Each structure stands twice: as structure tokens, then as C-alpha cells.
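Q: Sharing a structure with you now.
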Amino acid sequence: LAALTIAVAVSCSLPMVLIERGNITIRVLRGSIGAAAGRLLDAFASLAVAGVVALMAWQFYAYAAKLAQGNETTWVLQVPIAPFWFGVDAILWCAVAVQLIVAARDVVRLFDRSTQAHRTAAIDGDPL
């Protein structure tokens, strides 16, 4: 039961990490390719992360559905396992929505020239 609770707790941190852009970012090419290309790569990376998290959520749903179909329970207390994993899946779908917002902000930054000088000086994305 503790492992299932930890899975829910850990998944709860993912949407917050994504909205705060707390994930690890490697920007090796930023200095050599220019600011506009760097923003393009940031937008592409944001969309790629959204895709990966969506694939994870889809697979977690499939896993939870199999557990529900098999009426899997914990060994000692006989607590159904599937609701925990459906909870993790719901949180992952929230993370997908959050990452799509982050990706949309990155795409807007591609075309927004009003504060371009300020944004190119920043290492991470500035809030809109």
C-alpha cells in the first residue's frame, strides 16, 4: 500500500515541475545557432515532452485497466490496486495539459518580437 501511495505522491510533482520548467535542459548549441533557432528548439523540445508524457499517460491507463479487469489487490489488505493507478493516470493527463500550455508559450515566443531582447538574454523561459 505504501508503494502505491508513493506512486501517487511522485506523480503529483510532475505537473508542478513541468509548469516551473524544472526539468533538466541541455542547451549545448544555444550559443552557436542563434537566439531564434534556440527558441525554435525550445518549442520543439516542449512539444516532444508533451508527447512523451501523453504516451506515458496512455500506457498508465492501459496498465490500470488491466489491473481493474483482473481485480488485482494488495497482498495482505486486499485493497484494489487499479484505483491508485487510475489516479496516477489522471495526474499524468493533467501534466500533459500543463506541458501543452508550456509548449504554447514557447511557440508564442517564436513569433513575439515585443520583448525579444529580454528573452534572448534569459537562460530559461520568462513568464508571459
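Q: Using only helices, what value at 222 nm comes out for the chain when you add -39,500 (n - 2.57) per DSSP H run of length 4 or more and divide by the total residues, to the nearest 500 deg cm²/dmol?
A: -24500 deg cm²/dmol
Q: How large is the dipole of the chain about the Cα centre if only Lys and Arg carry +1 and Asp and Glu carry -1, each at its Cβ, rounded to the nearest 20 debye?
A: Rounded to the nearest 20 debye, it is 380 debye.
Q: Got a sec to turn the phi values of the range 89-100 into Karplus ³J(HN,Hα) couplings, 6.51 cos²θ - 1.76 cosθ + 1.60 with θ = phi - 60°, whole Hz, x for Gly and Pro?
A: 4, 4, 5, 5, 5, 5, 5, 4, 4, 4, 5, 5
Q: A further question follows. Output the relative contact order of the chain, whole-number percent, from Cα pairs under 8 angstrom with separation of 6+ residues.
A: Computed over the chain, the figure is 38 percent.
Q: What figure, in Å² to the nearest 10, do you get for the accessible area of THR25 with a 1.4 Å probe and non-protein molecules left out?
A: 70
Q: Here's another thing I want to ask about it. Using the basic label-point model (7 angstrom from Cα toward the beta carbon), what is the ALA3 to THR73 distance in nanometres?
A: Taking the two extended label points, one gets 1.8 nm.
Q: Connecting C-alpha atoms closer than 10 Å in a GNM of the chain, tell me which of LEU110, LEU77, LEU92 has the biggest fluctuation.
A: Ranking LEU110, LEU77, LEU92 by mean-square fluctuation puts LEU77 first.
Q: Leaving out ligands and nucleic acids, and using a 1.4 Å probe, what accessible area per residue does the range 1-66 come to in Å²?
A: Computed with neighbouring chains in place, this is 64 Å² per residue.
Q: Counting only protein heavy atoms and using a 1.4 Å probe, what share of the accessible area of the chain belongs to carbon plus sulfur, as a whole percent?
A: About 72 percent, which is the carbon plus sulfur part of the accessible surface.
Q: For the range 42-50, just list the computed ³J(HN,Hα) in residue order, Karplus coefficients 6.51, -1.76 and 1.60, θ = phi - 60°, integers in Hz, with x standing in for Gly and Pro.
A: Values, residue by residue: 4, 5, 4, 5, 5, 5, 5, 4, 4 Hz.
Q: What spacing in nm lies between the two simple spin-label points modelled at ARG21 and VAL52, each 7 Å away from Cα in the Cβ direction?
A: So the label points at ARG21 and VAL52 sit 1.7 nm apart.
The values are calculated or read from the model by the stated rules, or taken from the named source; none is laboratory data. These numbers come from a predicted model, not from an experiment. Cβ sites come from the backbone with ideal geometry, for glycine too, and all protein chains shown count toward neighbours. These area figures cover heavy atoms from the full protein model, side chains too; ligands, DNA and RNA do not enter into them. Shrake-Rupley method; radii C 1.70, N 1.55, O 1.52, S 1.80 Å.
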